[in-house]
Amino acid sequence: MYKVPSAMRFLACLFILHLVPWALRAQGTFRVVPLGTKGGLDESNLSAYLLAPAGRSDYLCLDAGTLYHGLQKAVERGTFSGPAHQVLREQVKGYLISHAHLDHLAGMISNAPDDANKAIYALPSCLEIIRDHYFNGQSWPNFGDSGQPPVLRKYRYVALAASEEMPVEGTAMFVRAYPLSHGSGYESAAFLVRHNTHYVLYLGDTGPDDVEQSNRLAQLWAALAPLVRAGQLKGIFIEASYPNEQPDRHLYGHLTPRWLLHEMAALAHLTTPELLRKVPIIITHMKPTEGNETRIREQLRQENTLGLTFLFPEQGVPIDLP
């Protein structure tokens, strides 16, 4: 009489243990670890976000303004168990750089001597600036694989062709780049990252189409709309650098809450507001001039007629996307 329920309990435990990994994966699709969230001024907290599929530790880094300090914060908060330098070398598998402004790549440049060999993925215009103006043997040693000798070959330059998908080496993810306009004549990029059938969109700095006299965001929304309709898009990283009081002539290729919501309305028009409400909107690049961040948050909430879900990342605190 006693042996039967004991065996049943044993089998039940095996069944539960077998389901645990599936259950953990079912809780989310991607993990984001913000290493830097701000759009300038605070050099210890500049744009950089680690992204990996849920349950995995092979991260790619979306921009790299702050690296080591952000990893230290993540270790202090218990997000990573290893020392920061070990996480940098072993778990960060590559960099996706949206554009070559220092607040988006200073961390990668300064940490290059202690980093492991890995790839830098970007549009050709961005890679040319990194090669010719940073890793040129004068501004900093040439840690790239081409350009001014001596060539140290720490990093491998991988040029992304617009709208063409490419695997991210050392990870289970794929990336597709879309050009953006970041002020007159300057190119930034958005990265659409895929794992299996799930996607995340990360936008580097960008101005609204109406101000930039561009259609690049419109083209991006058209490419994104089928993924929203299919429920495959799990998050959008998009900037809101200034509050609404900033004049359009002084946006310098950035968004305000009003312009961000204008662009989200354009995407909602191609899908539906109901579908877009299911996609978390992660607000990046708020400039920490006194009072700016509070006003940006308030304006996004007050003018959110679409009922979107906004997330405000905090350095070192992970975000698990649904």
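Summary of computed values
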| item | result |
| --- | --- |
| Test for residue 177: is it farther than 30 Å from residue 300 by Cα and of a type in the set (A, V, I, L, M) | no |
| Those strands (runs of 3 or more DSSP E) lying entirely in region 167-234 with at least 2 residues within 21 Å of residue 272 (Cα to Cα), touching a strand residue (DSSP E or B) at 6+ places or on another chain (Cβ under 7 Å) and open to solvent by less than 10 Å² (accessible area, probe 1.4 Å) | 198-203 |
| Residue within region 42-61 that is modelled with pLDDT under 95, in a loop (DSSP other than H, G, I, E, B) and of a type outside the set (Lys, Arg) present | yes |
| Residue check, residue 109 over 17 Å from residue 189 (Cβ atoms) and either surrounded by 17 or more Cβ atoms within 10 Å (Cβ to Cβ) or of a type in the set (A, V, I, L, M) (or both) | yes |
| Scope region 79-137; condition of a type in the set (Gly, Ala, Ser), without any contact (Cβ under 8 Å) to a residue 40 or more places away in the chain and touching a Lys or Arg at 6+ places or on another chain (Cβ under 7 Å); matching residues | 116 |
| Odd one out for residue 79 among (1) within 22 Å of residue 321 (Cα to Cα); (2) at pLDDT below 95 | (2) |
| Subset tally (residues that are open to solvent by less than 40 Å² (accessible area, probe 1.4 Å) and closer than 16 Å to residue 100 by Cβ) for region 148-159 | 3 |
| Residue in region 67-75 that is in a helix (DSSP H, G or I), open to solvent by 10 Å² or more (accessible area, probe 1.4 Å) and in contact with a strand residue (DSSP E or B) (Cβ under 7 Å, 6 or more places away or on another chain) present | no |
| Within region 288-318, tally of residues that are among the β-branched types (Val, Ile, Thr) and either more than 28 Å from residue 219 (Cα to Cα) or assigned to a helix (DSSP H, G or I) (or both) | 4 |
| Residue ID - surrounded by the most Cβ atoms within 10 Å (Cβ to Cβ), chosen from residues in region 304-322 that are under 19 Å from residue 274 (Cβ atoms) and touching a helix residue (DSSP H, G or I) at 6+ places or on another chain (Cβ under 9 Å) | 308 |
| Pick from region 258-287, criterion assigned to a loop (DSSP other than H, G, I, E, B), touching a strand residue (DSSP E or B) at 6+ places or on another chain (Cβ under 8 Å) and open to solvent by less than 30 Å² (accessible area, probe 1.4 Å), ranking: farthest from residue 199 (Cα to Cα) | 285 |
| Selection count, region 37-75, where residues are farther than 28 Å from residue 166 by Cα, touching a Ser or Thr at 6+ places or on another chain (Cβ under 9 Å) and among the hydrophobic types (A, V, I, L, M, F, W, C) | 2 |
| Lone qualifier among 201, 192, 160 - being within 26 Å of residue 244 (Cβ to Cβ) and among the aliphatic types (A, V, I, L, M) | 201 |
| Subset of region 76-102 (residues that are touching a Ser or Thr at 6+ places or on another chain (Cβ under 8 Å), open to solvent by less than 10 Å² (accessible area, probe 1.4 Å) and not in a loop (DSSP other than H, G, I, E, B)) | 94 |
| Condition met for residue 263 (without any contact (Cβ under 8 Å) to a residue 24 or more places away in the chain, of a type outside the set (S, T, N, Q) and under 25 Å from residue 30 (Cα atoms)) | no |
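The values are calculated or read from the model by the stated rules, or taken from the named source; none is laboratory data. In this text the structure is predicted, and so the values were computed from the model without any measurement. FYI the Cβ positions are ideal-geometry reconstructions off the backbone, even for glycines, and counts take in every protein chain you see. Please note that ligands, DNA and RNA were not included when accessible areas were found on the heavy atoms of the full protein model with its side chains. Shrake-Rupley method; radii C 1.70, N 1.55, O 1.52, S 1.80 Å.
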